[in-house]
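To start, the structure under review is shown below, and the notes come after it.
The values are calculated or read from the model by the stated rules, or taken from the named source; none is laboratory data. From a predicted model like this one, the values you see are computed outputs, not experimental measurements. Cβ placement follows ideal geometry from the backbone for every residue including glycine, while neighbour counts extend to all protein chains displayed.
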Amino acid sequence: MTYCVGLMLRAGFVMLSDTRTNAGLDNIATYRKMFVFEDAGERVISILTAGSLSVTQTTIARITDAIAHPEASDTNSIMLAPTMLAVAEIVGATLADVSTQVADKLQRMKQSASASMIVAGQRRGGDMRMFLIYPEGNFIEATEDTPFLQIGEHKYGKPILDRVVKPETSLEDAQKAALLSMDSTLRSNLSVGMPLDLMVVKRDTCRVDLRRRIDAGDTQFARMSEGWSTILREGFGQIQL
């Protein structure tokens, strides 16, 4: 399983993913689930993936191939699409096509596979937007009322986001909220695991401003995790019945 979260704020957006993939307790591996496509200053797009590894890898491979294809156009390349809405439509169509092909093959073996994605980005002169793409290719968009999107094992990390994240939240606080959301998920679900991939994009820069790989021994993350646990324990002790 996996956990990925994207936060869309007035100051920019933050993306975070784990890297654990498992097909049973004795078959655990690490695979990147954050993919970044960047023409610095012109366009930046980040895609987070969750679900069937065969579906997500094939979808990302097709998206990458379409960018490099000699006949790439604004209808099939996310790096040429005129808007972020068009980017979401290209990703959605590709994911739906791959999902259908894989489903047809697996149906004969009485198995199933599906995947979902979070797509966020901005092109120069355009709006910064974030979408959650469903396996069928349809999607929803992050809004002022719901400024974050999640895929995978989202239930453990959602409460802190509901309480803390607002459109006016700073990028620094958004990173903290996303990491603590991930920390809650790591503690509650063994199918989500480190390393973590973190990315930050400031509004209108159209480039990656921060990209960080957080390993299991990362002292900054460990300190933040323990600090959060301490605050929760102290707060719990102060609550009166």
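Overview of results
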read-out: Filtered residues of the range 182-209 (kept if over 22 Å from Asp162 (Cβ atoms), surrounded by fewer than 17 Cβ atoms within 10 Å (Cβ to Cβ) and among the small types (Gly, Ala, Ser)); value: Ser191
read-out: Options Leu161, Leu179; residue that is crowded, with 17+ Cβ neighbours inside 10 Å and under 11 Å from Cys4 (Cα atoms); value: Leu179
read-out: Strands (runs of 3 or more DSSP E) contained entirely in the range 130-211, each with at least 2 residues that are at pLDDT 95 or above and more than 13 Å from the chain's Cα centre (by Cα); value: 139-141, 196-202
read-out: Near pairs, Cβ below 6 angstrom, 6+ apart or cross-chain, from the range 54-66 (touching a residue at least 40 places away in the same chain (Cβ under 8 Å) and under 11 Å from Leu95 (Cα atoms)) to any residue that is of a type in the set (Val, Ile, Thr) and not in a helix (DSSP H, G or I); value: Thr56/Thr49
read-out: Selection status of Ala222, farther than 30 Å from Arg123 by Cα, out of contact with any strand residue (DSSP E or B) (no Cβ under 9 Å at 6 or more places or on another chain) and assigned to a loop (DSSP other than H, G, I, E, B); value: no
read-out: Members of the range 210-228 that are loosely packed, with under 13 Cβ neighbours inside 10 Å and either at positive phi or not aliphatic (A, V, I, L, M) (or both); value: Asp215, Gly217, Thr219, Gln220, Arg223, Glu226, Gly227
read-out: Which numbered condition Ala40 misses (of (1) more than 21 Å from the chain's Cα centre (by Cα); (2) exposed (fewer than 13 other Cβ atoms within 10 Å of the Cβ); (3) within 17 Å of Ala120 (Cα to Cα)); value: (1)
